[in-house]
Amino acid sequence: LRKPKIVVLGAGYGGLMAVTRLQKMIGVNEADLTLVNKNDYHYETTWLHEASAGTLHHDKARYQVKDVIDNSRVKFVKETVVSIKKDEKKIVLANGELEYDYLVISLGSHPETFGIKGLKEYAFGITNINAARQLREHIEYQFATYNTEEVKRDQRLAIVVGGAGFTGIEFLGELANRVPELCREYDVDHKKVRIICVEAAPTALPGFDPELVEYAVNHLERKGVEFKIGTAIKECVEDGIIVAKDDVMEEIKADTVVWAAGVRGNSIVEEAGFENMRGRVKVDSYLRAPNHEDVFIIGDCSLVINEEINRPYPPTAQIAMQQGITAAKNIAVAVRDQGEMEEFKPDIKGTVASLGEDDAVGMVFGKKVMGTKASFMKKMIDNRALLMVGGAGLVVKKGKFKFF
Ligand code: FAD
């Protein structure tokens, strides 16, 4: 009898969770299990703001995939997925092809630039290890170069962050801590440095409790961040951005522009022809793509509606991991053709946004938290994600233990 082939695309939060569960649930004789990922490492997407600012070395934010999977059970393929031919049940890789009977798509997100001119060309993104490393180096280079020039270009020391959502705020928190270090290291006057955050919405951290928003904004302003709220980026150019507030245009000169204002599902999902909204597929309650019972879509490529407010849940690692567990259970049911599939219900334990090493804001189990307590909780959340995928050993190796 031919064994079914289970293929998981992407070793991020969702994909790794699904694979580490499937390797325990499915026997060697029941199915073949393959994991495809672009790199031989997994990175903690939720830590990339730290690696990008240079407050955490990027090696701390990644680990080898082979260290957390059962290599006797899972075939790991280090390859780039090029396309998904869903009607032929085939995956096209940069080098080769794979066939599947059951597929898990967990390829994460791409930046959503809303068609704003110049962003793709000139702005940095906080998207993966390569991008984080490049952004960190770029910022450091500006500081290193500043004093070497006869005519000082202050715009070298201007950093624009597009977006005061979760990612933007977390990056600003790290940057506000990193800048004084850079000033000391390169003999740069702190007063010359500008960190400007531009947000089109009427508030920073949209969706957060107003008291938490105020706390976060005050904290960052005290550390020198300028906020331009209700202000839209109209265009990104080689040496800065053009913004508009109430139809008044302004040009901000800056050699570093970082776009942190939204994501869409991986474009491979769109190109595969699944019905989608900004690259996210509205999956059924078992996490399957519409009309494709053999394809499970999880993480940032999926869209799940929060019935209470009739709006999609924001894409988070928390949901991606929970979906990975449900997808694994449901695939086990499908492979065995036995038992009942589980409906996916997100269990939102809380959301905490860090404001640098030692401060944070958020909601945990329905309660507001701020300051060192919130920061402690954030680190516990980060450590829990490691524990769930790689066990205590991984927490010891990569965990965050500097609490106060
Ligand atoms: P990812 O974890 O991004 O994994 C996708 C994987 O697919 C990657 O390993 C990638 O290399 C691989 N891949 C992509 N394309 C290809 C290809 N073509 N071929 C092969 N492999 C490919 N969420 C929270 O819950 N809490 C937080 O505090 C939080 N903080 C965040 C902070 C930042 C700075 C950012 C950027 C995001 C944050 N998020 C947070 C959101 C969270 O990171 C994402 O929702 C989560 O990573 C989604 O998981 P995923 O499995 O869908 O994708």
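Each reported figure results from applying straightforward, stated rules to the coordinates on display, with no laboratory input. Since we're looking at a predicted model, the values are computed, not measured. Neighbour counts are summed over all protein chains in view; Cβ atoms, including those assigned to glycine, are modelled from backbone coordinates with ideal geometry.
Taking N as the residue count of the chain, its C-alpha radius of gyration divided by 2.2 N^0.38 Å amounts to 1.02.
Diagonalising the gyration tensor over the Cα atoms of the stretch 104-232 and scaling each eigenvalue by 5 before taking the square root yields semi-axes of 26, 20, 14 Å, largest first. Long hydrophobic helices in the chain, taken as whole DSSP H segments with a C-alpha length of 27 Å or more on their own axis and mean Kyte-Doolittle hydropathy at least 0.0: 317-336, 371-398. The modelled label-to-label distance for the pair LYS191/LYS234, using points 7 Å beyond Cα in the direction of Cβ, is 3.2 nm.
Each other residue within a Cβ distance under 11 Å of ALA158 adds +1 if Lys or Arg and -1 if Asp or Glu, for a net charge of +1. Among ARG311, ARG384, ARG73, the residue with the largest mean-square fluctuation in a Gaussian network model of the chain, with springs joining Cα atoms closer than 10 Å, is ARG311.
Given contacts defined as C-alpha pairs under 8 Å and at least six residues apart, what's the relative contact order of the stretch 150-286, whole-number percent? That works out to 28 percent.
In the chain, what % of DSSP beta bridges are antiparallel (nearest 5)? DSSP beta bridges in the chain are roughly 50 percent antiparallel.
With contacts taken as Cα pairs under 8 Å at a separation of at least 6 residues, the chain carries a relative contact order of 18 percent. Taking each DSSP H run with n ≥ 4 as -39500 (n - 2.57) and averaging over every residue of the chain yields -10500 deg cm²/dmol at 222 nm. TYR286 sits among other residues whose Cβ lies under 11 Å from its own Cβ, and their net charge, with Lys and Arg +1 and Asp and Glu -1, is -3.
For the chain, modelled as a GNM whose springs connect Cα atoms under 10 angstrom apart, the maximal fluctuation among VAL19, VAL248, VAL333 occurs at VAL248. Using only the Cα atoms of the stretch 147-191, build the gyration tensor, take square roots of its eigenvalues as a ≥ b ≥ c, and label the shape rounded, prolate or oblate: rounded if a/c is under 1.5, else prolate if a/b is larger than b/c, else oblate. Oblate is the answer for the stretch 147-191, as a/c is 1.5 or above yet b/c matches or exceeds a/b. Panel order for PHE114, PHE171, by other beta carbons found within 10 Å of each beta carbon, from fewest to most: PHE114, PHE171. Placing R0 at 51 angstrom, the Cβ-Cβ distance between GLU293 and GLU121 gives a FRET efficiency of 0.80 after rounding to 0.05. With the Cα gyration tensor of the stretch 1-114 giving a ≥ b ≥ c as the square roots of its eigenvalues, does the rule (a/c under 1.5 for rounded; else a/b larger than b/c for prolate; else oblate) give rounded, prolate or oblate? It is oblate, given that a/c is not under 1.5 and a/b is not larger than b/c. At what distance in angstrom do the alpha carbon centres of the stretch 98-122 and the stretch 1-63 lie from each other? Their Cα centres are 17 Å away from one another. Sorted fewest first by neighbouring Cβ atoms within 10 angstrom, TYR41, TYR141, TYR100 come out as TYR141, TYR41, TYR100. Evaluated at q = 0.23, 0.27, 0.33, 0.34 Å⁻¹, the base-10 log of the normalised Debye intensity for the stretch 240-283, with identical point scatterers placed on the Cα atoms, takes the values -0.76, -0.90, -1.12, -1.14.
Mean sequence separation of contacting Cα pairs (under 8 Å, at least six apart), scaled by the length of the stretch 28-110, corresponds to a relative contact order of 28 percent. With labels modelled as points extended 7 Å from the Cα through the Cβ direction, what inter-label distance (nm, one decimal) is found for ARG311 paired with GLN155? In this crude spin-label approximation the distance works out to 3.6 nm. Per residue, the convex hull around the alpha carbon atoms of the stretch 24-82 comes to 101 Å³. Counting neighbouring Cβ atoms within 10 Å and putting the fewest first, the residues ASP284, ASP300, ASP189, ASP40 line up as ASP189, ASP40, ASP284, ASP300.
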